[in-house]
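The values are calculated or read from the model by the stated rules, or taken from the named source; none is laboratory data. Everything quoted here is computed from the prediction, not taken from an experiment. Note that each Cβ is placed from the backbone with ideal geometry, even for glycine, and that neighbours are counted across all protein chains shown. For the accessible areas, the whole protein counts, side chains as well, though only heavy atoms, and no ligand, DNA or RNA atoms are used. Shrake-Rupley method; radii C 1.70, N 1.55, O 1.52, S 1.80 Å.
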Amino acid sequence: MPHSYLDVQPEVAHALAHNQPVVALESTIIAHGMPYPENVQTALRVEAHVRAHGAVPATIAVLNGKLKVGLTAAEIAQLGQAGPQVVKASRRDLPLLLATGALGATTVAGTMIVAALAGIRVFATGGLGGVHRGAQATMDISADLPELAQTPVAVVCAGAKSILDLPLTLEYLETHGVPVLGFQTNEFSAFFTRESGLPVDMRCDTPAQVAAILRARWALKHGGVVVANPIPAGLAMPRDAIDAAIAQALSDALARGVSGKAVTPFLLARVNALTGGDSLTANIGLVLNNAALAAAVATELARLA
Ligand code: PSU
Ligand code: MN
C-alpha cells in the first residue's frame, strides 16, 4: 500500500515500477544553499543533467502536507524564490510540516528518508552535513550522520566542507558502520578542494564498482553509503582562500551566537559571501558532476537488480 503522506510524480513512479534508474535530489540546497536566481537555474540544470546521463530526476520537498517526490519547475521556482523563508526540513521537522502543511526544503537526512520511502536508492547533492567543529562542547552533529547509519540510500556528494570537523565526521561514520567510498580518489574530498588529507574506506574507479558495494551493503543490513566525488580539478579552489573564509565565517557565527539548525545555513551563506562568485561557480559545477555520477551509479544498480 502506498505511504499515505507520499506523493510520487507519475514519471518517477513509472521509472521505479520498471526498475529504471532514478536519482533523488535535495531541496535545502535550493532554498538555503545558494542565492536566487542561481539556485533555481541550478536545480533545473541538475535535473537535466541527470536525464542526460540516463536517469530520471526526483527532486524532493514537503509541500501541502505531502512528501513530494519529483517537483514541477514551478514548485522548484517557488522554493528558490522563498529561499531561507522555507523551513529547512531534517528528520525531526518532517512530522511538523506534514501536520501543518507548511513548505519544507529537505536536507540530506530529510531527502534520504523520503527517497527510501519511495524506493529510490541513489541521491546526488553538494555537501554532506557532519560533526561541527567544537561539537565536543556544543553536541552539534548533523542529523545527516545518524540518517546514513540507518537509511538505505547512497549519497553522492563532494565530501563535506571544512566548516565541519572532517576527522570527527569520518570517526562518527566509522562508529555507525557507514562506508565512505572515494570515486577515483583515495582521499575524502572537502567540497571546494579535492583533498582533505583523510583517507576513504575504499577507492572505486567505476560506477559499476560503486553499485556492487551498494548491493552488498543492502544484502547485509540497512543503512547508507557515502560516495565522495571530488570537485572537478578545474573548479577546485585555493585552499588558503577557502580556509580564511571558513575561519572568518566560524568566528562570525560565534560572535552572533548562531545555534541549532541555523548554524549550517549561516556558515554556508557567509562562506559564499566571503569568497564571492568563485565559490558559487565551484558549487554549481560540483553538483552537476555529482548528478552525472549518481545517474551512472543508479544505472549500474538497476542492471544488477
Ligand atoms: N553543506 C553544504 N551545502 C548544503 C548543506 C550542507 O555544503 O546545502 C545542507 C544540506 O541540506 C545538509 C544540511 O543536509 O545543510 C545540513 O544541515 P545541518 O548541519 O543543520 O544538519
Ligand atoms: Mn546542526
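How much net charge surrounds Thr28 when only other residues with a Cβ under 12 Å from its Cβ are counted (Lys, Arg +1; Asp, Glu -1)?
Computed value for this residue: -1.
Using the Cα atoms of region 94-246 to build a convex hull, what is its mean projected area in square nanometres?
10.2 nm²
Using only the Cα atoms, work out Rg/Rh for region 141-226, with Rh taken as the Kirkwood radius, to two decimals.
Ratio value, two decimals: 0.94.
Considering all projection directions equally, how large on average is the shadow of the alpha-carbon convex hull of the chain, in square nanometres?
The number I arrive at for the chain is 14.2 nm².
Give me the Å³ per residue figure for the convex hull around the C-alpha atoms of region 49-141.
So the per-residue hull volume is 123 Å³.
Please report, in debye to the nearest 20, how large the charge dipole of the chain is about its Cα centre when each Lys and Arg carries +1 at its beta carbon and each Asp and Glu carries -1 there.
Charge dipole, the chain, about its Cα centre: 460 debye, nearest 20.
With the dipole of the chain worked out from charges on the C-beta (+1 for Lys and Arg, -1 for Asp and Glu) around the Cα centre, which of Leu293, Ala236, Ala55 lies farthest toward the positive end?
Ala55
Could you tell me which helices of the chain pass both thresholds, a Cα extent of 27 Å or more along their own axis and a mean Kyte-Doolittle hydropathy of at least 0.0, with helices taken as whole DSSP H runs?
277-304
If each Cα of region 179-222 is one equal point scatterer, what is log10 of I(q)/I(0) from the Debye formula at q = 0.14, 0.25, 0.34 Å⁻¹?
Those come out to -0.35, -0.85, -1.12, one per q.
What's the carbon and sulfur percent of region 1-80's accessible surface, probe 1.4 angstrom, rounded to a whole number?
Of all accessible area on region 1-80, carbon and sulfur atoms account for 58 percent.
Show me 33-45, 290-302 ranked by packing, highest mean number of other Cβ atoms within 10 Å first.
Final packing ranking: 290-302, 33-45.
With only alpha-carbon atoms in the gyration tensor, what are the semi-axes of the equivalent ellipsoid for region 158-305, in Å, largest first?
In descending order the semi-axes read 29, 18, 13 Å.
Which of His32, His49, His176 moves the most in a Gaussian network model of the chain with Cα springs under 10 Å?
His176
Can you give the calculated 222 nm mean residue ellipticity of the chain, where each DSSP H run of n ≥ 4 adds -39,500 (n - 2.57) and the sum is split over every residue, rounded to the nearest 500 deg cm²/dmol?
-15000 deg cm²/dmol
With springs only between Cα atoms under 10 Å apart, run a GNM on the chain and tell me which of Leu220, Leu16, Leu173 wobbles the most.
Maximum among the listed residues: Leu220.
If you build a Gaussian network model of the chain, linking Cα atoms that sit under 10 Å apart, which residue out of Phe191, Phe183, Phe266 swings the most?
With Cα springs under 10 Å in the chain, the top fluctuation among Phe191, Phe183, Phe266 is at Phe266.
Over region 103-167, give the accessible area per residue in Å² for a 1.4 Å probe, as an integer.
Spelled out: the 1.4 Å probe surface of region 103-167, per residue, equals 25 Å².
In debye, nearest 20, what is the charge dipole magnitude of region 1-84 about its Cα centre with +1 on Lys and Arg Cβ and -1 on Asp and Glu Cβ, if you could check?
Once rounded to the nearest 20, the dipole reads 60 debye.
Summing Lys, Arg as +1 and Asp, Glu as -1, what charge do residues with Cβ under 12 Å from the Cβ of Ala43 carry, Ala43 excluded?
Local net charge: -3.
Ranked from highest to lowest mean number of other Cβ atoms within 10 Å per residue, what is the order of the peptides 148-157, 209-218, 20-29?
For the peptides 148-157, 209-218, 20-29, the packing ranking is 20-29, 148-157, 209-218.
Over the chain, what relative contact order in percent results from Cα pairs under 8 Å that are six or more residues apart?
Normalised by residue count, the contact order of the chain is 20 percent.
In percent, what relative contact order does region 102-216 have, based on Cα pairs under 8 Å that are 6 or more apart in sequence?
Answer for region 102-216 is 22 percent.
Probe radius 1.4 Å, ligands and nucleic acids ignored: give me the carbon and sulfur share of the accessible area of region 131-190 as a rounded percent.
53 percent
If you add up the charges near Val153, with Lys and Arg at +1 and Asp and Glu at -1, over every other residue whose beta carbon is less than 15 angstrom from its beta carbon, what do you get?
Net of charged neighbours comes to +2.
Å³ per residue of the Cα convex hull, for region 1-104?
It is 95 Å³ per residue.
Using a 1.4 angstrom probe with every protein chain in place, what is the largest-first accessible-area order of Met139, Met237, Met112?
Met139, Met237, Met112
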